């Protein structure tokens, strides 16, 4: 069942859980995500980012995600992740996405507000939800340690978040509190209490990016403090890759591995990893 961001965030808010948002860059990932969500009987967000362009275009990804979302037995939101401009967000909307994320967080505060506001105006006119980002969510290339983080510069400030939300009208906001995209090189320095402070300043659904690699306890503390959407891709993709590697290793011992079996191997590993994540996000385990 296809829904928009507002509808799926309303479920998360009512149940005080987080909805998993899993990226799609091929048919197999889309199939695995929906299978896992249906098995867990939980709503899910499937999303595409322009970073996946070498593997699949936005248009092809949108077609595949919408195909699975419309047939699903559970609510599914189709999100455009890390949109770089109004133009890219509009392409996603015109291709049927029910949510877009405009990421102008690397720009100046006023420019971030102006660009986000423009996307909100266009998206809300056609019943599409909008996520934005405020603060600086690190990338794995930098690593994470006390030495290279300045919380005053990098992390989202509660009063700034309140002002940003009120000026833009976003439906969800990705905030910075110490997580990072990609594989962690060092133990993350998380300020989980900051989520509570931001939520107290303005109560809307908040989003965690760079969630892969955190412990169950860290995820669930973040959820109890106000996180309602969690982006999860790196370790999902890694699980699929490692399962395929294990199958390829059998070739060395003389066993045959056929190409048509490889997607099935990856799908099974992906589904297992996603099912585990969904249960953690729903506070079930």
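Computed from the coordinates by the stated procedures, all read-outs in this text should not be read as laboratory data. Worth saying up front: this structure is predicted, and the values here are computed from it rather than measured. Note that we place each Cβ from the backbone using ideal geometry, even for glycine, and neighbour counts take in every protein chain shown.
Kirkwood analysis of the Cα pair distances in the range 1-66 returns a hydrodynamic radius of 12.6 Å. Among 75, 43, 54, the largest mean-square fluctuation in a Gaussian network model of the chain (Cα springs under 10 Å) belongs to 54. Principal axis extents of the C-alpha atoms in the chain (largest first, rounded to whole Å): 62, 44, 34.
When peptides 32-41, 233-242, 94-103 are ranked by their average number of other Cβ atoms within 10 Å per residue, the highest-first order is 94-103, 32-41, 233-242. By the count of neighbouring beta-carbon atoms within 10 Å, fewest first, 13, 168, 221 end up ordered 13, 221, 168.
In the chain, helical runs assigned H by DSSP with n ≥ 4 each contribute -39500 (n - 2.57); averaged across all residues and rounded to the nearest 500, the mean residue ellipticity at 222 nm is -14500 deg cm²/dmol. Picking from 49, 125, 72, which is most flexible by a Gaussian network model of the chain using Cα springs under 10 Å? Among 49, 125, 72, the largest mean-square fluctuation in the Gaussian network model of the chain belongs to 125. Compared with the dominant principal axis of the Cα atoms in the chain, helix 158-168 is inclined by about 90°. Counting only the Cα atoms, the range 240-285 fills a convex hull of 63 Å³ per residue. Helix 216-225 axis versus longest C-alpha principal axis of the chain: approximately 30°, rounded to the nearest ten. Judged by the ratio a/c of the largest to the smallest principal axis of the C-alpha gyration tensor, the range 1-123 counts as oblate, that ratio being 1.5 or greater while a/b is no larger than b/c.
Between the helical axis of 109-124 and the longest alpha-carbon principal axis of the chain there is an angle of about 70 degrees.
Value of Rg to Rh for the range 185-279, rounded to two decimals, is 1.16; Kirkwood radius and Rg both from alpha-carbon coordinates.
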